[in-house]
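Below is one structure, written out as structure tokens; comments come after it.
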Amino acid sequence: VRSLLQRGVAQLNCAETSETITMTAESAKDKAAHEAELARKLFEEGKISKNALKKKVRLARAVQAWTDKKARRKEENEKKEEKRKKKQNEFFSTLTKEEKDSWEEAMRARREKFRALQAAEKQEKEKLFKESKFHLVIDLGYETLMTDREVRSVAQQVMYSVSTNTVARPPYHLHISGLRESPNTLQRLKRISGYEKWLVRIRK
């Protein structure tokens, strides 16, 4: 459940129709509660087992706890941001026009320096990747032999491998193959933040 929710998607299997309901985090709470209620009715009618009912109820509780936690964090972040802006405005109110212009110029120079460092670091990583003599191929063409849980796990492992290879010195020349036979795995990889920027060669 946690791995699904962290990507803002919850998948609930409807016991009556066996179809998968995909939803965003915003609607996950209502959907999970609906599924739990549906499962209770099906259990009373003898259409699902007690274990299946418990699974639905646990999922609904997990989704509710997660969404409540996200809401609390959002509220806390908004309060922090409001407090930061208030302090910043108070700070600006004590400055003269010349001091404000000087401060803004310093912040602009700091941002440009940071962007330049990021660009240089990216170029260095790309150079090391292209010049690497070590090649490593991850074959993902076995999706038909895997469960959905195993597919999710593989996607996570690939993400960790790419992340580790990014900071390795020297890095491997990383290749990912077999995605033509594994469309679900490819979709899960694309959901991962920063997938388009991975230093890998995708060979479908």
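Couple of notes before you dig in:
- Taking the stretch 69-102 as the range and being within 30 Å of LEU38 (Cα to Cα) and in contact with a helix residue (DSSP H, G or I) (Cβ under 8 Å, 6 or more places away or on another chain) as the test, only LYS70 passes.
- Residues (part of a helix (DSSP H, G or I) and polar (S, T, N, Q)) located in the stretch 94-139: SER102, GLN118, GLN123
- Qualifying residue in the stretch 74-81 (condition: at pLDDT below 90, open to solvent by 100 Å² or more (accessible area, probe 1.4 Å) and not aliphatic (A, V, I, L, M)): no
- Any hit, the stretch 49-64, residues being of a type in the set (Ser, Thr, Tyr), in a helix (DSSP H, G or I), more than 30 Å from ARG191 (Cβ to Cβ) and open to solvent by less than 100 Å² (accessible area, probe 1.4 Å): no
- In the stretch 164-204, of all residues being under 21 Å from LEU145 (Cβ atoms) and in a loop (DSSP other than H, G, I, E, B), the one that is modelled with the highest pLDDT corresponds to GLY178.
- Top-ranked residue in the stretch 123-153 [being surrounded by fewer than 13 Cβ atoms within 10 Å (Cβ to Cβ) and of a type in the set (Lys, Arg); ranked as modelled with the lowest pLDDT]: LYS130
The values are calculated or read from the model by the stated rules, or taken from the named source; none is laboratory data. These figures come from a predicted structure and were not determined experimentally. Don't worry about glycine lacking a Cβ; one is built from the backbone with ideal geometry, like all the others, and counts go over all protein chains shown. Side chains included, ligands, DNA and RNA excluded: accessible areas come from the protein's heavy atoms. Shrake-Rupley method; radii C 1.70, N 1.55, O 1.52, S 1.80 Å.
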